[in-house]
1. Of the residues in the range 107-132, how many are surrounded by fewer than 21 Cβ atoms within 10 Å (Cβ to Cβ) and within 14 Å of ligand 2 (Cβ to nearest atom)?
2. For the range 1-42: of the residues being modelled with pLDDT of 95 or more and acidic (Asp, Glu), which is surrounded by the most Cβ atoms within 10 Å (Cβ to Cβ)?
3. Does Leu167 satisfy the criteria of being closer than 19 Å to His81 by Cα, away from ligand 1 (no atom under 11 Å from the Cβ) and at pLDDT 95 or above?
4. Residues in the range 179-197 that are more than 10 Å from ligand 2 (Cβ to nearest atom), surrounded by 17 or more Cβ atoms within 10 Å (Cβ to Cβ) and not hydroxyl-bearing (Ser, Thr, Tyr): how many?
5. It is to be established whether one or more residues within the range 124-146 are outside any helix (DSSP H, G or I) and closer than 23 Å to Val69 by Cα.
6. Determine whether Thr328 is outside any loop (DSSP other than H, G, I, E, B), within 25 Å of Leu236 (Cα to Cα) and within 16 Å of ligand 1 (Cβ to nearest atom).
7. Sort out which residues of the range 51-64 are polar (S, T, N, Q), touching a residue at least 12 places away in the same chain (Cβ under 8 Å) and either in contact with a strand residue (DSSP E or B) (Cβ under 9 Å, 6 or more places away or on another chain) or surrounded by fewer than 15 Cβ atoms within 10 Å (Cβ to Cβ) (or both), and write them in order of number.
Amino acid sequence: MEAPKLVYLVTGGCGFLGRHLVRMLLQHEPRLAELRVFDLHLEPWLEELQTGPVQVTAIQGDVTQPHEVAAAVSGAHVVIHMAGLVDVFGRASPEAIHHINVQGTHNIIEACVQAGTRFLVYTSSMEVVGPNIKGHAFYRGNEDTPYEAVHKHPYPRSKALAEKLVLEANGREVRGGLPLVTCALRPTGIYGEGHQVMRDFYRQGLRLGGRLFRAIPSSVEHGRVYVGNVAWMHVLVAQELERSSARLGGQVYFCYDQSPYKSYEDFNMEILGPCGLRLVGTRPLLPYWLLLLLAGLNALLQWLLRPLLLYAPLLNPYTLAMANTTFTVSTDKAHRHFGYEPLFSWEESRARTIRWVQSTEGSVGKAQAAGS
Ligand SMILES: NC(=O)c1ccc[n+]([C@@H]2O[C@H](COP(=O)([O-])OP(=O)(O)OC[C@H]3O[C@@H](n4cnc5c(N)ncnc54)[C@H](O)[C@@H]3O)[C@@H](O)[C@H]2O)c1
Ligand SMILES: C[C@@H](CO)CCC[C@@H](C)[C@H]1CC[C@H]2[C@@H]3[C@H](O)C=C4C[C@@H](O)CC[C@]4(C)[C@H]3CC[C@]12C
């Protein structure tokens, strides 16, 4: 067997998706000699990975700092760039979101060019396409489906700009004279072990006596994908970039699996139901106009309270529009181009996520015991 010789850099490697990718690369990339994990905040579990045959190098750094990025990229063969500020709740300023997601990506591209690193995979998002503010449905769409993408919110706008930078950089000459090969993966809403919003819904349900209240019609369909399959798709595309650079270079791929198309709430109940929660109502308990009013009120309160405190509830006009707009993908482009098949079936993805939710503190059993 050929001696391992590749150096991979994963930015954002300590995040929700990043930690799954780091483990998956260690398991499924036999050519790996060194895995660099670059993140603003390093996690203690990285220490446990240092014992295997691959050198795992933890790098505390900020993608907005060009010199830190350049040092991390130097000598890397493949960069998987997934560091980013994910915020649709108004926790961060639009400037910070732009700076980290767009300027940070620019810094990564320039570092690749300077260092002679040829392969760059960018973790984009379905939100570079939609849902748009007009609430147009995207039903079983693929990478070529026409859609009126309008980006008013800072997060999807930043992802769209960053993705454009990455795709435009494909073919640029890197140090040494060879061309840069780039592509972007666009996951739908990711779920799985470590998914904070799922945990927030679970805790909210526990506080409400094991109930959640339906707010979204069950007819709305939302695309979801298991985190392990998103990580797997990154591993496969990174491996194939060199072999099939003409085919993959400059391409985008929706990131999908066999998770069922359901409304955001109905999908969550596939996980939270077996954890002891139930969703009350077959129709939304509040009319849409009232939810819209509450979402608008939340946005106003957020703005008024900003000088004093951070008020960032789940419900705001953007999240309400997302949750109420059908957005599902159906495509085989990743399969045709680099042989992607989900590694985890829906049953396994669901079982793993249920186990994780049940293992988080405050199960229904504990809450009931405390209440009795
Ligand atoms: N979670 C989803 O549903 C979803 C869906 C589609 C796409 N994405 C994309 O996937 C990527 C990972 O998302 P996630 O859900 O794991 O988010 P996350 O917030 O859990 O992880 C992001 C990581 O990036 C790091 N980071 C943030 N700012 C940084 C900076 N300035 N320098 C270095 N590191 C920095 C964070 O510390 C964190 O570890 C993001 O680019 C996101 O846009 C996520
Ligand atoms: C009205 C509420 C009643 O229960 C429901 C609000 C649900 C929202 C909090 C979530 C609905 C859709 C989610 C987003 C979607 O899954 C895709 C995403 C893409 C990714 O790049 C980041 C996360 C997210 C924006 C995700 C965030 C939570 C929702 C808005």
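The values are calculated or read from the model by the stated rules, or taken from the named source; none is laboratory data. Note that the structure is predicted; figures quoted are calculated from it, not measured. Using ideal geometry, Cβ is built from the backbone for each residue, glycine included, and neighbour counts are taken over all protein chains shown.
1. Qualifying residue count for the region: 2.
2. Asp39
3. Judged against the criteria, Leu167 is a match.
4. Here the count works out to 8.
5. Step one: list which residues in the range 124-146 are outside any helix (DSSP H, G or I), which gives 124-125, 129-146.
Now drop any that are not closer than 23 Å to Val69 by Cα, which leaves 124-125.
Yes, the range 124-146 contains a residue that is outside any helix (DSSP H, G or I) and closer than 23 Å to Val69 by Cα.
6. Working: outside any loop (DSSP other than H, G, I, E, B): yes; within 25 Å of Leu236 (Cα to Cα): yes; within 16 Å of ligand 1 (Cβ to nearest atom): yes.
Yes, satisfied.
7. Taking the range 51-64 as the starting set, the residues that turn out to be polar (S, T, N, Q) are 51, 55, 57, 60, 64.
Filter once more, so that each one left must be touching a residue at least 12 places away in the same chain (Cβ under 8 Å): 55, 57, 60, 64.
Gln55, Thr57, Gln60 - these are the residues of the range 51-64 that are polar (S, T, N, Q), touching a residue at least 12 places away in the same chain (Cβ under 8 Å) and either in contact with a strand residue (DSSP E or B) (Cβ under 9 Å, 6 or more places away or on another chain) or surrounded by fewer than 15 Cβ atoms within 10 Å (Cβ to Cβ) (or both).
Residue-wise test of (1) within 16 Å of ligand 2 (Cβ to nearest atom); (2) of a type in the set (Val, Ile, Thr); (3) surrounded by fewer than 15 Cβ atoms within 10 Å (Cβ to Cβ).
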| residue | (1), (2), (3) |
| --- | --- |
| Ala295 | yes, no, no |
| Ala299 | yes, no, no |
| Trp303 | no, no, yes |
| Asn316 | yes, no, no |
| Thr325 | yes, yes, no |
| Ser330 | no, no, yes |
| Phe338 | no, no, no |
| Ser349 | yes, no, no |
| Ser359 | no, no, yes |
